[in-house]
Amino acid sequence: MLYPERKTYMKQRITSVKDLPDWFKNKTYATNLNIIDWFREIRKRQKVLDLYEFGKKYRDSTGKNSEESRETLLSLLLATPRPDSLIYSVSQNNRPVYDLTASEALYFRSAIRDDDLLQLGKKYDELMSLWHKALDEMGTDDPTSFFGEYEHQIAIFFEKFDENSYAKKFDEPIEKFLEDIGNPYLSYGRPLNGSPITVDTQYDDETIITHFKNWLAEIRRNEGERIRRPFTQKDLDDWELYKIRQIFDLEMWASIMHVKINDKVIADSLWPYAPDNFSPIDVLRTTARKKIKDVFNFNVVVRLYGQLSLEFGENFLAQ
C-alpha cells in the first residue's frame with residue numbers, strides 16, 4: 001500500500017513553503033551527529049541515488065517511474081533503518097576490485113567448499129536469475145511481473161537472512177574459505193586492492209615515512225586524484241550547516257514524484273530566520289548543492305567506511 005503523497009501529488013510546482021509535503025514539514029532531523037551516524041545518513045542517501053539513477057534506464061514511455069519502483073525509492077528515502085541494518089554495509093557494490101577479471105570472479109565462486117556459503121550462493125543464483133528476467137521484461141511493453149516478484153523475494157531474503165547459518169560467514173575474509181584448494185594448474189594469487197610495497201625496516205622511521213609520503217603523492221597524481229585527508233569534525237559541521245540531508249531529501253522526493261520546487265521555497269523552509277548578511281538562496285545554489293554532489297557518492301562512502309573501520313574496528317556499525 002502506498003503511503004499518502006506517494007501515488008500522486010496535487011501540485012506539479014511548489015511555490016510556497018506551506019505546500020511542501022507533510023512528511024518534510026513534520027520531520028525533525030537529528031543534530032550534532034557523530035561521524036558514525038553521519039556515515040549512516042550518507043550511505044542511505046547514496047543508495048537511494050544509485051537506485052534512482054539505475055531506474056532511469058527502465059522508465060516507461062512517459063519518462064516516469066513505475067508505481068513499484070517509486071514505492072521502493074520512497075520507502076528507502078523516508079525510512080529510518082535500524083543502526084546495524086545491512087543497507088549500511090559496504091562491499092564495493094558491483095565493483096569489489098576495479099580490475100577483477102571475469103575468470104577470477106568465477107574462480108572464487110568455484111573454489112569455495114563451505115556448505116553454508118554454498119547455500120548462500122544458491123540463493124544468490126535464484127535472486128539474480130529472477131533479476132535478469134525482470135531486466136529482460138522491462139525492455140518490453142509487458143507488465144513487469146518479474147520485477148514485482150523480485151522485490152518480494154529480496155524482501156524475504158533480507159528479512160530472514162539472520163536466521164540462516166551463512167549469516168555469520170558471508171562478510172568474513174575470503175582467505176578463510178580458500179584453504180587447501182589451490183593446485184599447481186589452477187590457483188589465484190595477486191593483490192586485490194592497491195599497490196604491493198615492501199618496507200625495508202633497516203631505515204629509520206622518519207626516512208621511511210618521508211619516502212612513503214612521496215611515493216603515495218606520486219601514485220595519487222598518476223591516478224588523477226587529489227591528496228586525501230581524513231574526514232574531521234569541520235566536515236560534519238559543514239554538512240549540518242548547509243543542511244545537505246534536508247535538501248537532498250526534498251529534491252530527491254521531487255524527482256521521484258515529478259514535482260518542481262522553487263529554489264526560494266527550499267531556501268526559506270531551511271533558513272527562515274536568516275540574518276541580513278546571509279542569503280539562503282545563494283547558499284543553496286552555490287555551496288549547498290555542490291556539497292551534496294561531493295558528499296552523497298560512492299567514493300565518499302568507501303573512504304568514510306574505511307576510516308571508521310580503522311578507527312573504531314570493523315563492527316563500528318554495531319555501536
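Computed from the coordinates by the stated procedures, all read-outs in this text should not be read as laboratory data. Note that the structure is predicted; figures quoted are calculated from it, not measured.
Reachable aspartates and glutamates from LYS234, Cα under 19 Å, same-chain residues fewer than 8 places away excluded?
Hits, sequence-local ones excluded: ASP37, GLU41, ASP294, GLU311.
Please tell me which of these pairs span more than 32 angstrom C-alpha to C-alpha: LYS27/LYS169; LYS25/LYS123; LYS18/LYS291?
On the way: LYS27/LYS169 38 Å; LYS25/LYS123 41 Å; LYS18/LYS291 26 Å.
Cα-Cα > 32 Å for LYS27/LYS169; LYS25/LYS123; rest within.
Under 13 Å Cα to Cα from LYS133, which aspartates and glutamates show up? Leave out anything in the same chain fewer than 8 places away.
Partners within reach: ASP125, ASP142, GLU149, GLU151.
Can you give the Kirkwood hydrodynamic radius for the range 246-308, in Å, rounded to one decimal and based on Cα pairs? Each step should come with its number before you reach the end.
Details: mean 1/r = 0.0754 Å⁻¹.
The Cα-based Kirkwood calculation yields 13.3 Å.
Check cross-link reach from LYS260 to the aspartates and glutamates: straight Cα distance under 14 Å, and skip same-chain residues fewer than eight apart.
ASP19, ASP249, GLU251
Could you list which residues have their amide H under 5 Å from that of ILE261, counting only those 5 or more apart in sequence or on another chain, with H placed in the peptide plane?
Hits under the 5 Å cutoff: ILE14.
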